[in-house]
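Novice: Quick one: this structure, given as structure tokens, is what I'll be asking you about.
The values are calculated or read from the model by the stated rules, or taken from the named source; none is laboratory data. Because the structure is a prediction, the values reported are computed rather than measured. No Cβ is skipped: glycine too gets one built from the backbone with ideal geometry, and neighbour counts run over all protein chains shown. Please note that ligands, DNA and RNA were not included when accessible areas were found on the heavy atoms of the full protein model with its side chains. Shrake-Rupley method; radii C 1.70, N 1.55, O 1.52, S 1.80 Å.
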Amino acid sequence: MAYDGKVEPGGPAATRVTTDLDITKVSVGPMDNNAYLLRDRSSGETLLIDAANEPSRLLELVNGKLDKVLTTHCHADHWLALEEVVKQTGATTYSAEPEIEQIPIPTDVALLDGDEIQLGDTILKIVWLTGHRASYLDHVSTSAAVIYRDPDGSAHVFAGDCLFPGGIGNTCEDPAAFTELLNDVSTKLFADLPNETTVYPGHGGDTTLGTERLSLEQWGQRGW
């Protein structure tokens, strides 16, 4: 079955094959959180983005073996399975430096804006996207978005809760947070990546930068 980016809680995973990576997407937990397994095809090295929930399903997904796990941001629905996944696999943990104190599972590698993660021969770039908020937490998150530039000229960005079909992530009606997040996605994603960039969000279906690009001005005007 062709990959279409649509997965459902409790349903099967879906895999997209790119030039260097196999990207497997699965939805876990009651909040329809997406977890993404990136596998470098040449080396077999793996990175899981957001061990969000249902550790048994994630451990089955990685076949009990995992090299690295990245938490995009500190909101609890994105790391509820992290402790068990790390315990069972010994994977190295990554998160954005500003989020570390908010995540109760220790982070091994603090990611700075512009850092790179090597996965076999594949280079993944990290960009900070700041501004997403949750109503239960007095903290403006700085998410670690993951960018893979495919040699075929396209790109892939794992955006956490910062960019979705139809808009940016929730900023809890905080004007400063909204302005910062819209600016970050505009300058670090839309201005730097081609229209053929697939956006893999923290919840729900995928989109592309080309699909969303024409709506940037509208998002700014509406304020959410």
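Novice: Of the conditions (1) surrounded by fewer than 18 Cβ atoms within 10 Å (Cβ to Cβ); (2) within 27 Å of Asp150 (Cα to Cα); (3) in contact with a Leu (Cβ under 9 Å, 6 or more places away or on another chain), Pro12 satisfies every one except a single condition; which number is it?
Specialist: For Pro12, the exception is condition (3).
Novice: Considering only segment 53-79, how many residues are in contact with a Gly (Cβ under 6 Å, 6 or more places away or on another chain) and open to solvent by less than 10 Å² (accessible area, probe 1.4 Å)?
Specialist: Count: 2.
Novice: Oh, and also: State which residue is most open to solvent (accessible area, probe 1.4 Å) when the search covers only segment 197-211 and only residues that are out of contact with any strand residue (DSSP E or B) (no Cβ under 7 Å at 6 or more places or on another chain) and in contact (Cβ under 8 Å) with a residue 40 or more places away in the chain. Show your work before the answer.
Specialist: Residues of segment 197-211 out of contact with any strand residue (DSSP E or B) (no Cβ under 7 Å at 6 or more places or on another chain): 205, 210-211.
Remaining after also requiring in contact (Cβ under 8 Å) with a residue 40 or more places away in the chain: 205, 211.
Working: Gly205: 31, Thr211: 92 Å².
My answer is Thr211.
Novice: Moving on to the next point. What are the residues in segment 118-167 that are touching a residue at least 60 places away in the same chain (Cβ under 8 Å) and among the acidic types (Asp, Glu), if any?
Specialist: Within segment 118-167, Asp121, Asp150, Asp152, Asp161 qualify.
Novice: For segment 17-41, enumerate the residues that are among the charged types (D, E, K, R) and open to solvent by 70 Å² or more (accessible area, probe 1.4 Å). Let's see the steps before the verdict.
Specialist: We begin by selecting, within segment 17-41, every residue among the charged types (D, E, K, R); these are 20, 22, 25, 32, 39-41.
Arg39, Arg41, listed by residue number.
Novice: What strands (runs of 3 or more DSSP E), lying completely within segment 82-196, carry at least 1 residues that are open to solvent by 30 Å² or more (accessible area, probe 1.4 Å) and aliphatic (A, V, I, L, M)?
Specialist: Numbers: elements: 92-96, 109-111, 116-119, 122-130, 142-149, 155-160.
Fully inside segment 82-196 and qualifying: 109-111, 122-130.
Novice: Kindly establish whether Gly44 is surrounded by fewer than 14 Cβ atoms within 10 Å (Cβ to Cβ) and modelled with pLDDT of 95 or more. Explain how you work it out, then say what you get.
Specialist: Numbers: surrounded by fewer than 14 Cβ atoms within 10 Å (Cβ to Cβ): yes; modelled with pLDDT of 95 or more: yes.
So Gly44 passes the test.
Novice: State all residues of segment 197-218 that are within 28 Å of Leu48 (Cβ to Cβ), in a helix (DSSP H, G or I) and among the charged types (D, E, K, R); if no residue qualifies, say none. Even if it seems obvious, please write down each step before you answer.
Specialist: Initial filter on segment 197-218 (within 28 Å of Leu48 (Cβ to Cβ)): 197-212.
Pick out the ones that are also in a helix (DSSP H, G or I) and you get 209-212.
If the condition is that a residue be within 28 Å of Leu48 (Cβ to Cβ), in a helix (DSSP H, G or I) and among the charged types (D, E, K, R), then Glu212 is the only one that fits.
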